[in-house]
Amino acid sequence: MSRNLELFERGKQVIPGGVNSPVRAFGQVGGTPRFVKRAAGAYFWDADDKQYLDYVGSWGPAILGHAHPEVIKAVQDAAAGGLSFGAPTEGEVEIAEEICKLLPSVQQLRLVSSGTEATMSAIRLARGFTGRDLIVKFEGCYHGHSDSLLVKAGSGLLTFGNPSSGGVPADTTKHTLVLQYNDVQQLADTFKELGDKIACVILEPIAGNMNLIKPSAEFVQALRALTEQYGAVLIYDEVMTGFRVALNCAQGLHGITPDLTTLGKVVGGGMPLAAFGGRADIMAKIAPLGNVYQAGTLSGNPLAVAAGLTTLRLIQQPGFHDNLGRLSARLAAGLADAAREAGVPMTTDSVGGMFGFYFSSKVPASYAEATQCDIPRFKAFFHAMLDEGVYLAPSAYEAGFTSSAHTEALIDQTIAAARRALARI
Ligand code: PLP
């Protein structure tokens with residue numbers, strides 16, 4: 001028996017589904033999850049010592065590749081000075097200064113330990129600031145697993161969402177409106193009817209949780225204009241896109257100044273660190289200054305701050321994001337060519353260190369379109385690539401991630417592997 005399978009079976013005895021986050025269980029693609037033994041650069045090695053070229057990168061944090069020596073050294077040095085204090089440190093001030101410097105919309109921020117905490121806290125803050133209850137999200141955007149965000153669209157236009165998970169009271173989700181991504185008319189209609197009751201709109205400014213989906217310029221402009229007009233808080237959830245699509249994030253690419261931004265993944269360099277921040281007048285509502293409560297035993301953890309700060313400094317090297325963008329674009333173009341040659345309907349897209357491939361004849365613009373792709377073909381491709389030693393996200397609804405360790409030569413090897421895989425499936 002493979003060691004991966006052995007660990008999976010053992011894990012299932014003591015961990016529900018054998019995993020600590022559902023997508024890791026390979027539910028959509030079937031087969032045995034790869035248990036990671038170690039990772040370095042663009043690669044990881046599984047429990048059977050098989051090597052994989054990794055395009056998941058811990059679902060986003062590994063923008064410098066795995067185990068970057070400078071990041072590891074910073075964490076080791078921090079660890080030697082103590083693991084957690086529950087009192088402020090200089091590093092927390094430094095990383096906050098660094099983020100505020102890189103993101104002009106963020107005047108103040110607070111550190112937390114996960115993206116879920118960041119979005120949950122930003123929503124509480126938006127509600128506390130506006131004194132309103134309603135929140136707007138978009139179908140297919142994932143913002144972590146807090147109750148009010150685990151919501152799927154209701155049955156019609158302007159109906160409130162239904163819980164998308166057991167254990168979430170309908171009473172909680174009745175305050176969440178779920179709209180369609182890139183639907184400007186629906187957004188405008190919603191604000192016309194309920195605008196003065198809406199506390200905030202939260203979105204993935206480039207969606208990566210329904211495969212890779214970009215917003216139209218009209219959509220992001222309408223979002224900014226309508227939230228401003230009706231006094232609602234615009235929250236850019238950049239947990240995934242932050243410092244990955246560009247140094248000034250998706251908001252920089254869009255030329256939009258959101259009121260609040262949530263960050264995670266890259267900002268912690270692989271350690272549990274996330275943040276929410278934005279306009280100083282809104283942030284002033286957070287305790288201890290204001291009456292919106294938010295706290296955390298491990299918030300601003302010194303090891304996480306050391307990893308994050310080192311990562312943020314390294315990605316500011318000149319040309320870092322241009323190079324990353326070129327690598328992703330090369331991969332996207334190469335995959336599309338390979339599919340064309342194989343006669344397989346597949347389109348691709350990329351931005352910065354994110355890419356998407358869709359077993360469908362057009363690049364999707366919404367969740368409804370994303371779900372039109374050919375799932376059986378995706379599964380076959382996923383496993384064929386796994387056999388080739390290329391690890392893609394084990395779900396058709398997740399974006400892929402590149403890192404600065406994915407050299408042009410590795411991208412070209414991946415394209416060659418895809419050509420063989422597509423010919424086989
Ligand atoms: N927001 C976005 C856009 C995400 O992609 C994720 C996680 O993938 C989250 C929030 C939640 O972050 P975490 O898994 O750190 O709680």
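Straight Cα distances below 18 angstrom link K285 to the aspartates and glutamates E117, D133, D259, with same-chain residues fewer than 8 positions distant left out. Per-residue Cβ neighbour counts within 10 Å put L187, L149 in the sequence L187, L149, beginning with the fewest.
Applying a DSSP loop filter and a limit of 13 other Cβ atoms within 10 Å to the chymotrypsin sites (Phe, Trp or Tyr not before Pro) in the stretch 68-166 leaves F85. Before rounding to the nearest 500, sum -39500 (n - 2.57) across all DSSP H runs of length at least 4 in the chain and divide by the residue total; then give [θ] at 222 nm in deg cm²/dmol. My calculation for the chain gives -11500 deg cm²/dmol from helical runs alone.
When all alpha-carbon pairs of the stretch 69-314 are counted, what percent fall beyond 23 Å?
Within the stretch 69-314, distances greater than 23 Å cover 47 percent of Cα pairs.
Computed about its Cα centre, the charge dipole of the stretch 69-314 is approximately 140 debye, with only Lys, Arg, Asp and Glu carrying charge at their Cβ. Total lysine pairs in the stretch 53-202 at Cα distances under 21 Å, for residues eight or more apart or on different chains: 8.
Which of the lysines could a cross-linker bridge to K50, judged by Cα under 25 Å and excluding same-chain residues fewer than eight apart? Once the sequence-local lysines are set aside, what remains near K50 is K12, K37, K379.
Taking the inverse of the average 1/r across all pairs of different Cα atoms in the chain, what Kirkwood radius in Å do you get? Here the Kirkwood hydrodynamic radius works out to 22.1 Å.
For the chain, the relative contact order is 21 percent, taking Cα pairs closer than 8 Å that sit 6 or more residues apart in sequence and dividing their mean separation by the residue count. Projecting the Cα atoms of L125, P16, G91 onto the charge dipole of the chain (Cβ charges, centred on the Cα centre) puts P16 farthest toward the positive pole. Contact order, relative form, for the stretch 69-314: 29 percent (alpha carbon pairs under 8 Å, 6 or more residues apart, mean separation divided by residue count).
Given axes a ≥ b ≥ c from the Cα gyration tensor, I'd like to know whether the stretch 101-168 is rounded (a/c under 1.5), prolate (a/b larger than b/c) or oblate. Cα axes put the stretch 101-168 in the prolate bin. Between D196, D337, D171, which gets the highest mean-square fluctuation from a Gaussian network model of the chain, Cα cutoff 10 Å? The residue that fluctuates most here is D171. On a per residue basis, the convex hull of the C-alpha atoms belonging to the stretch 1-143 measures out at 199 Å³.
Values in this text are rule-based calculations from the coordinates and carry no lab data. Bear in mind that the values here come from a model prediction, so they are computed numbers and not experimental data. Please note: Cβ atoms are built from the backbone with ideal geometry, for glycine as well, and neighbour counts cover all protein chains shown.
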